[in-house]
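> The structure is given below, and queries will be raised subsequently.
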Amino acid sequence: MKHLLKMLDLTKEEIIGLLDLADKLKYENKNGIQHHILKGKTLGMIFQKSSTRTRVSFETGMYQLGGYPLFLSSNDLQIGRGEPVQDTARVLSRYLDGVMIRTFEQQEVEDFAKYGSIPVINALTDFAHPCQVLADLMTIREHKGGFDGLKVCYVGDGNNMANSLIAGCLKVGMEFAIACPKAYQPPKEILDFAAQYGDKFTMTESPAEAAKNADVLITDVWASMGQEQEKLEREKHFKGYQINDELMAVAKADAMVLHCLPAHREEEITAKVFEEHANEIFDEAENRLHAQKAVLVTLMKD
């Protein structure tokens, strides 16, 4: 594992290895055990999309690992003024030990990895959100004790979260069902991958069908960052694609609920269901820190 670009690239063994390391680092963190594994290392953090959880968790994680996080806004870099990504990659590779990128195009992180000579971490693109899904898997395993026999239901847009969840959940052995409007299905690359898993993968336009007997329900906002101009149109298509009491009633009685945040209450999830499952959701948010530290250590440790 040289980079973390998308969940499709990882093997089951690599995912489990990252989760096991994340658990260890979380235990040490909670028990006041310092782990300056990346002392003297510098991580460049390129943000072309704003963030709360991504910036704070990566900065805190590098600090806890003994390294130095360097925030790089696209407004401060020549890449924001038209410098080719391959040139930026080659220059930053001379200064840094690793880079994480939060941007729009998946090709940008792929090119950065191709032309640079340091580890590249995808902190979100329009296609993939692997850091979030590693945290989701970590949280599911914490609450459910494992993955075997579990069914995950995702309700909403076939976006970067759906793409990464489909890959991650199927690879670790869970059943996965997605409910989304026909016009907002995941891309062919993801559906072709999921087809390998036969009846362990279901895609439907019915949230109730997807949620039937689910152990985990997950959703995301109807309009992601950069899609604000589509909000009114999307509201028409996604009406009814909501995690609410009716949907929870067809899932298993002990089903958990996850949301990558920020949450738009009374749109993709009701305030009632959100608050009833807030502990799970904020465990998930916290686990961004621990899962990403595991990625940083795996990629950047000497």
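> Being of a type in the set (A, V, I, L, M) and surrounded by fewer than 20 Cβ atoms within 10 Å (Cβ to Cβ) is the filter here, so list the residues in region 55-95 that pass it. Step through it out loud before you land on a result.
Residues of region 55-95 that are of a type in the set (A, V, I, L, M), as a first pass: 56, 62, 65, 70, 72, 77, 79, 85, 89, 91-92.
Listed by number, the residues that qualify are V56, L70, L77, V91.
> Collect the residues in region 65-108 that are over 15 Å from R55 (Cα atoms) and touching a Phe, Trp or Tyr at 6+ places or on another chain (Cβ under 7 Å), keeping them in residue-number order.
The answer is V85, Q86, A89, R90, Q106.
> Among the numbered criteria (1) over 15 Å from the mean Cα position of the chain (by Cα); (2) in contact (Cβ under 8 Å) with a residue 60 or more places away in the chain, which single criterion is violated by D157?
For D157, the failing item is (1).
> Right, something else. Would you mind telling me which numbered condition in (1) without any contact (Cβ under 8 Å) to a residue 12 or more places away in the chain; (2) within 17 Å of the chain's Cα centre (by Cα) G82 fails?
So G82 meets the others, but not (2).
> Follow-up. With E246, E175 as the choices, which residue is farther than 24 Å from C131 by Cβ and among the acidic types (D, E)? Spell out how you get there, then give the answer.
Working: E175 fails: farther than 24 Å from C131 by Cβ.
None of the others qualify; the one that does is E246.
> Residues of region 58-116 being of a type in the set (S, T, Y) and touching a strand residue (DSSP E or B) at 6+ places or on another chain (Cβ under 6 Å), which ones? Break it down stepwise before answering.
Step one: list which residues in region 58-116 are of a type in the set (S, T, Y), which gives 60, 63, 68, 73-74, 88, 93, 95, 103, 115.
Residues satisfying the conditions are Y68, S73.
> Let me ask something additional. Take L38 and decide whether it is over 22 Å from the mean Cα position of the chain (by Cα), in the same structural domain as R102 (by TED's automatic domain parsing), of a type in the set (A, V, I, L, M, F, W, C) and more than 28 Å from E189 (Cβ to Cβ).
Values: over 22 Å from the mean Cα position of the chain (by Cα): yes; in the same structural domain as R102 (by TED's automatic domain parsing): yes; of a type in the set (A, V, I, L, M, F, W, C): yes; more than 28 Å from E189 (Cβ to Cβ): yes.
Here the answer is yes, as L38 does meet what is asked.
> Is it true that some residue in region 265-288 is small (G, A, S), in the same structural domain as A179 (by TED's automatic domain parsing), over 20 Å from D23 (Cα atoms) and touching a residue at least 60 places away in the same chain (Cβ under 8 Å)?
no
> Which one is surrounded by the fewest Cβ atoms within 10 Å (Cβ to Cβ) among residues in region 118-174 that are in contact with a helix residue (DSSP H, G or I) (Cβ under 6 Å, 6 or more places away or on another chain) and among the aromatic types (F, W, Y)?
The qualifying residue surrounded by the fewest Cβ atoms within 10 Å (Cβ to Cβ) is F127.
> Mind checking which residues of region 234-274 are loosely packed, with under 12 Cβ neighbours inside 10 Å and in a helix (DSSP H, G or I)?
Residues satisfying the conditions are K236, D245, A249, A271.
The values are calculated or read from the model by the stated rules, or taken from the named source; none is laboratory data. Keep in mind that this is a model prediction, so the values were computed, not measured. In this analysis, Cβ positions are derived from the backbone assuming ideal geometry, glycine residues included, and neighbour counts consider all displayed protein chains.
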